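Taken together, the values in this text are just the output of simple stated rules run on the coordinates, not laboratory data. Fair warning: this is a prediction, and the values are worked out from it, not measured in the lab. Cβ: placed from backbone, ideal geometry, glycine included. Neighbour counts: every protein chain shown.
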Amino acid sequence: MVFEQKKEKPETVRKQIKMSSHQRAAPVEKKFFTPGMKILTAVMVTGLGFGLYRMIFGLASVTNLNNQYALGLWIGADVATGVALAAGGFTTGALVYIFNREHFHAILRPALLTALLGYTFVGIGLEFDLGKWYNIWHPAIPFMWQGNSVLFEVGMCVMVYLNVLYIEFMPVVCERFIGRVNLPGMLSCLNNPVDILLRFLDHILGKIMFIFIIAGVVLSCLHQSSLGTLMVIAPYKLHPLYWSLLSPAFFLSSAIGVGLPMVIFESMLACRAFGRKPEMRVLTPLARIIPFLIGVYIFLKIGDMIFRGTYVYLFESSVPAIMFWIEFGFLTVVPFFMFMSSDIRRSPRGLFIAATMYIIGIFLNRSTVFFIAFKPVYAEKAYIPAMGEFALTIGLIAAIIFVYRVFVTILPVLPAQEENS
């Protein structure tokens, strides 16, 4: 969304449904390949190398997946967790535009970029997990639709929402390149047409952006909840602590709850990486909202356990029970109380720790649902992710960080440096 008002077109800015902010955004002027970025690039290339190997030689070459365990680390972590952690885009968008909380405009662009990259790499990660990865385009063809499948709804929503995210991000591109298009060599003849196109998009999107904002919120709620529906059909394969008819509500409420902590986490890391001061004047008020969101998830989870009587499994020595105490008892309930503390909300370190704990809790929750608490009836042995699965997952995370730095270096995503001093 647009932070900086364009003096040459004030009428366009006024019509962009308050898409500007009092805080100016600008590209980051920092050296790109720092020592840390060189290490990150090596990790990224190594991980993606495993991905290329998998594409050539098949799933069995780098994974421990089999006919009993078809959903492993790549679905639990790369896809399900990635979708949840990308919820910061629609939660922040709803907060700013639907609930009219203009004070949070400063974090909207970074949140939108994080969501855009998150969903982009969810699609990439899903492609690695598909047996016939070259058929990933099939859901886009109407005569190949399978409306009875939950995954069909998830795939369609994610596909459409990804396009919505790129459209929502387009004003940032327009702001950066309008009047500055300078294509090299033989492409220079396109400078004027591209500039005209950018101005047209900037003008049109300012009038219809509210449609994409509403669509983004609706689509996100649909597929976040539908991910929880996937395991509803497997009541005898999933541990009672993790199977419930309310799984769609669990997935949706926990994703909404993790959206704002993810924004805080990303903001803190960006400030650390680029030598800036944390924007506590924005993050502290934002943190006040988080206990209400996480509280809904905790209420639903505990209420479901009491109603179904599954609390009796809490004290068994099984791995799912232990994971429940870790991801819910420690990494969900504890951050809930931490966010309720005004002292922690005012502390950059405390706020970062609380956000990180809940993010890890969501990661462990999704991983537990999809392969730790999942036990097929005829499984010959337990599923343990292979080294190649871990390597590709870490490589994808490194790739997200790498591309994020590329975007903020080129485009006006983060607030200008003088606003953080």
Mind checking Rg over Rh on the range 10-419, alpha carbons, Kirkwood formula for Rh?
0.97
A student applying the Cα gyration tensor rule (rounded when a/c is under 1.5; otherwise prolate if a/b is larger than b/c, oblate if not) would label the range 99-171 prolate
Taking amide H positions as placed in the peptide plane 1.01 Å from N, state which residues far from residue 386 in sequence (5 or more) or on other chains have amide H under 5 Å from it.
64
What helix-only [θ] at 222 nm does the chain give? Using -39500 (n - 2.57) per DSSP H run of at least 4, over all residues, to the nearest 500, the answer is -19500 deg cm²/dmol
Report the trypsin sites (Lys or Arg not before Pro) located in the range 128-194 that are in a DSSP loop and have at most 12 other Cβ atoms inside 10 Å of their Cβ, or state none.
132, 180
Output wanted: per-residue J couplings in Hz (rounded whole) for the range 284-292, from phi through Karplus 6.51 cos²θ - 1.76 cosθ + 1.60, θ = phi - 60°, x for Gly and Pro.
5, x, 4, 5, 5, 7, 4, x, 5
For the range 160-172, Karplus couplings with θ = phi - 60° (6.51, -1.76, 1.60), whole Hz, Gly/Pro x
5, 5, 4, 5, 4, 4, 5, 5, 5, 7, 4, x, 5
Nearest 10 degrees, 0 to 90: helix 191-229 Cα axis against the chain principal axis:
20 degrees
For residue 238, the residues 5 or more places away or on another chain with a placed amide H closer than 5 Å to its own amide H are 375
Let's test this: bin the Cα-Cα distances of the range 114-251 at 5 Å from zero up to the farthest pair and state each bin's percent.
2, 8, 13, 15, 15, 14, 12, 8, 5, 3, 2, 2, 0
Going by average Cβ density within 10 Å per residue, which order do the peptides 353-359, 234-240 take, highest to lowest?
353-359, 234-240
Hz values of 3J(HN,Hα) by residue in the range 387-393 - Karplus curve (6.51, -1.76, 1.60), Gly and Pro given as x
4, x, 5, 5, 5, 5, 4
For the chain, size of Cβ-based charge dipole, Lys and Arg +1, Asp and Glu -1, in debye
800 debye
Angle between the chain longest axis and helix 108-129 axis [Cα atoms, degrees, rounded to 10]:
50 degrees
Residue separation between residue 218 and residue 403 times 0.36 nm, minus their alpha-carbon distance, gives in nm 63.9 nm
Put in order of increasing Cβ neighbours within 10 Å, starting from the fewest, 333, 28 give 333, 28
What ranking do 400, 322 get, fewest neighbouring Cβ atoms within 10 angstrom at the top?
322, 400
Most exposed first, judged by fewest Cβ atoms within 10 angstrom, 318, 347 run 318, 347
The farthest towards the positive end of the charge dipole of the range 37-179, of the residues 145, 70, 41, given +1 on Cβ of Lys and Arg and -1 on Cβ of Asp and Glu, is 41
How large is log10 I(q)/I(0) at q = 0.18, 0.24, 0.28, 0.30 Å⁻¹ when the Debye formula is applied to the Cα atoms of the range 153-214, each weighted equally and without solvent?
-0.71, -0.94, -1.10, -1.18
Can you pull the Rg over Rh of the range 370-421, Cα-only, Kirkwood?
1.34
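Viscosity 1.306 mPa s, temperature 10 °C: Stokes-Einstein D of the range 226-370 from its Kirkwood Cα radius, in µm² per second?
Stokes-Einstein gives a translational diffusion coefficient of 100 µm²/s.
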Could you tell me which residue out of 318, 336, 379 lies farthest along the dipole of the chain toward its positive end? Charges go on the beta carbon: Lys and Arg +1, Asp and Glu -1, centred on the Cα centre.
336
